[in-house]
Amino acid sequence: MDAFVVRAPRGRDGPGGQGRRPEEAGLGRAPPRQIRAEGLHCDYRILFTKAEADEIFQQLEKEVQYFEDDQTKLHVFGRWHNIPRKQVTYGDPELSYTYSGVTFHPKPWIPVLNRIRERLTLATGHTFNFVLINRYKDGLDHIGEHRDDERELLPRSPIASVSFGACRDFILRHRDCRGSGARRGRQSLRLPLAHGSLLMMHHPTNIFWYHSVPPRRRVITPRVNLTFRKLMAGDRRGNAHPAGTSDCQQQL
């Protein structure tokens, strides 16, 4: 069985607990909850106060322009499928991002996204040049089990997942517990991602662990999730990632 280690700041609950929000600790300075297991290296914290998160969520709802038409479909196992959520990318102009048969060119940065990105850099010390935004209208919108291992990603760079709106379960599952050859004793980890929260997924998490946001019928309000990444421009990719390693086709 996986030995999950969750180190929570003193006086607070573990991931998804009902402990108070740490606004008083200073934004970006509240210590993260460390989530560790074999090949798993994640940190979770509340990044924005409730007032800030409410304001940003409203701005995202008004200002983000989601993809339409062909960019709302993914090619999975030889067939085209509608994405069960809204989706869009923003980022630096020279970048592109490809998964499940579709190449996405980012829209230019807008002020609300730069506000979030700057807070991320202040809190973590990492810089990001691209963001994938998923909007879940309610608990029926979801994303299937996958790993973020596309060839455009800068090797060993972290992915910062920031959530606003409804709290949704984020499920992590080790690659060895999938399929007919799954090893017995493996288990999954559930992390409820709160309004205004940040989950940092560090290397090598996306090598060994799949993640998903499954349907939750009791959730009736929307959620916006932003995954900030560091991508390489087309002329820098070279052989940074071996061909054929991406699991992005699982992202329905």
Query raised in the report: Does GLY165 satisfy the condition of being of a type in the set (Gly, Ala, Ser) and within 22 Å of GLU63 (Cβ to Cβ)?
Result: yes
Report summary line: Within region 92-112, of all residues that are in a loop (DSSP other than H, G, I, E, B) and hydrophobic (A, V, I, L, M, F, W, C), the one farthest from ASP54 (Cα to Cα) is LEU95
Report task. Confirm whether HIS211 is outside any strand (DSSP E or B) and either surrounded by 15 or more Cβ atoms within 10 Å (Cβ to Cβ) or not basic (Lys, Arg) (or both). Result -> no
**Report entry** Pick from region 143-163, criterion within 22 Å of PRO214 (Cβ to Cβ) and modelled with pLDDT of 95 or more, ranking: surrounded by the most Cβ atoms within 10 Å (Cβ to Cβ)
**Finding:** SER163
Report summary line: Note: among ILE133, ILE116, just one is of a type in the set (A, V, I, L, M), within 19 Å of PHE67 (Cβ to Cβ) and at pLDDT 95 or above, namely ILE133
Report task. Just name the residue that is surrounded by the fewest Cβ atoms within 10 Å (Cβ to Cβ) out of those in region 93-125 that are over 30 Å from ARG45 (Cβ atoms) and either β-branched (Val, Ile, Thr) or touching a residue at least 24 places away in the same chain (Cβ under 8 Å) (or both). Result -> THR103
Requested in this report: Keeping to region 23-59, report how many residues are modelled with pLDDT of 95 or more, closer than 19 Å to MET200 by Cα and among the basic types (Lys, Arg).
Outcome: 3
Query raised in the report: Which condition number does ARG186 fail, the rest of (1) at pLDDT 95 or above; (2) in a loop (DSSP other than H, G, I, E, B); (3) in contact with an Asp or Glu (Cβ under 6 Å, 6 or more places away or on another chain) being met?
Result: (1)
Report summary line: By residue number, the members of region 95-124 that are under 19 Å from ASN82 (Cα atoms) and hydrophobic (A, V, I, L, M, F, W, C) are VAL102, PHE104
**Report entry** Selection within region 164-174 - touching a helix residue (DSSP H, G or I) at 6+ places or on another chain (Cβ under 9 Å) and either within 20 Å of HIS202 (Cβ to Cβ) or modelled with pLDDT under 95 (or both)
**Finding:** LEU172, HIS174
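The values are calculated or read from the model by the stated rules, or taken from the named source; none is laboratory data. All of these numbers come straight from a predicted model, not from anything done at the bench. So basically every Cβ, Gly included, is an ideal-geometry build from the backbone, and we count neighbours across all protein chains shown.
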